[in-house]
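The values are calculated or read from the model by the stated rules, or taken from the named source; none is laboratory data. Note that the coordinates shown come from a computational prediction; the quantities given were computed from them, not determined experimentally. Don't worry about glycine lacking a Cβ; one is built from the backbone with ideal geometry, like all the others, and counts go over all protein chains shown.
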Amino acid sequence: MSAVLLEHVWKIYKLGETEVVALSDVSLCIEDREFHCIIGPSGSGKSTLLSIMGGMEKPTRGRVVIYGIDITNMSETQLAKIRRDLIGFVFQHFYLIPRLTVVENVELPLIAKGVPAKERRRLALEALEAVGLGHKAYMRPTQLSGGEMQRVAIARAIVTRPKLLLADEPTGNLDVESAKKVMDIFTRLNRDYGITIVLATHNIELLPYCDRVTRIRSGRIVRTYQKDEIDLLVKELSSVISPGSTRT
């Protein structure tokens with residue numbers, strides 16, 4: 001069974017009398033337990049694509065299926081349940097609550113699921129151990145580095161044990177070393193926990209971590225590259241991108 005199936009998906013926003021096409025006839029299949037990367041420049045539609053995969057936005061046209069469940073025409077209540085039970089989200093910004101401890105931040109999705117307090121704490125501590133931050137569970141987010149805060153955000157995303165993890169530019173605010181640690185965590189979660197990961201980025205240095213890479217530009221899929229083609233894609237993109245450029 002595929003984890004994500006998109007069939008002829010369009011997303012069109014209306015701004016007054018103007019229509020803005022964010023996604024144009026996108027079809028894509030992501031397999032269960034795959035680590036898949038969506039690469040494209042800013043404004044290419046990759047964040048919109050992840051939002052539609054996660055049921056946070058509905059397509060204007062087309063069909064969206066998550067683990068065999070057609071979510072295309074679901075109500076917001078139904079979509080909220082799908083997100084709660086199947087999907088974890090990691091964003092470029094950490095969205096941690098400063099007044100809560102690290103472990104309390106990680107517990108938040110479990111509160112929404114009605115998990116008892118003792119079990120919440122156990123699961124949250126386990127998730128923090130999985131990202132190497134069990135020893136900082138009772139600190140405040142303001143006492144952590146940027147890389148550590150992103151690892152807390154990952155722990156919060158996986159504490160409900162989702163089948164699908166969607167990560168939107170998760171290393172965008174991190175230095176090189178912190179970004180590597182985050183990608184190593186994603187790799188381990190994918191390999192050891194069997195979590196399907198879809199990561200959106202403009203950073204070509206992240207591509208070798210993935211099983212397949214889909215390149216998107218101007219709301220359209222250019223091509224999906226297999227594992228043995230990724231090194232060639234990186235070389236191709238490196239040759240056309242000037243230092244500091246994010247064009248892909």
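When SER242 is tested against the conditions (1) at pLDDT below 95; (2) among the polar types (S, T, N, Q); (3) closer than 21 Å to PHE91 by Cβ, the lone failure is (3). On inspection, TYR67 passes the criterion of being out of contact with any His (no Cβ under 9 Å at 6 or more places or on another chain), modelled with pLDDT of 95 or more and not aliphatic (A, V, I, L, M).
For the structure I just gave you, tell me whether ILE204 is more than 30 Å from GLU129 (Cα to Cα) and either among the β-branched types (Val, Ile, Thr) or touching a strand residue (DSSP E or B) at 6+ places or on another chain (Cβ under 9 Å) (or both). Criteria not met by ILE204.
Here PRO162 fulfils each of the conditions (1) assigned to a helix (DSSP H, G or I); (2) under 30 Å from SER44 (Cβ atoms) apart from (1).
For region 26-43, a residue qualifies if it is over 24 Å from MET1 (Cβ atoms) and either out of contact with any Ser or Thr (no Cβ under 9 Å at 6 or more places or on another chain) or modelled with pLDDT under 95 (or both), and the qualifying residues are GLY40, PRO41, SER42, GLY43. Sort out which residues of region 155-169 are farther than 12 Å from TYR95 by Cβ and in contact (Cβ under 8 Å) with a residue 40 or more places away in the chain, and write them in order of number. Residues satisfying the conditions are ALA155, ILE158, VAL159, THR160, PRO162, LYS163, LEU164, LEU165, LEU166, ALA167, GLU169.
For region 6-60, a residue qualifies if it is buried (at least 16 other Cβ atoms within 10 Å of the Cβ), over 20 Å from ILE230 (Cα atoms) and out of contact with any Lys or Arg (no Cβ under 9 Å at 6 or more places or on another chain), and the qualifying residues are SER47, LEU50, MET53.
Picking from residues in region 112-121 that are assigned to a helix (DSSP H, G or I) and exposed (fewer than 14 other Cβ atoms within 10 Å of the Cβ), the one that is modelled with the lowest pLDDT is ALA112. Looking across region 167-204, the residues that are hydrophobic (A, V, I, L, M, F, W, C), crowded, with 16+ Cβ neighbours inside 10 Å and over 11 Å from the mean Cα position of the chain (by Cα) come down to LEU174, ALA179, VAL182, MET183, ILE185, LEU189, ILE195, ILE204. For region 76-94, the criterion of being of a type outside the set (Asp, Glu), within 22 Å of ARG220 (Cβ to Cβ) and either modelled with pLDDT of 95 or more or touching a Gly at 6+ places or on another chain (Cβ under 8 Å) (or both) is met by no residue.
Which of the residues that make up region 70-113 are within 19 Å of the chain's Cα centre (by Cα), among the β-branched types (Val, Ile, Thr) and closer than 15 Å to GLY55 by Cβ? Passing the criteria: ILE71, ILE82, ILE87. Of everything in region 129-145 that is touching a residue at least 12 places away in the same chain (Cβ under 8 Å), farther than 18 Å from ARG99 by Cβ and not hydroxyl-bearing (Ser, Thr, Tyr), the residue that is surrounded by the fewest Cβ atoms within 10 Å (Cβ to Cβ) is GLY132. Scanning region 67-90 for residues that are of a type outside the set (Ser, Thr, Tyr), touching a residue at least 60 places away in the same chain (Cβ under 8 Å) and touching a helix residue (DSSP H, G or I) at 6+ places or on another chain (Cβ under 7 Å) yields a count of 4.
The number of residues in region 202-235 that are assigned to a loop (DSSP other than H, G, I, E, B) and at negative phi comes to 5.
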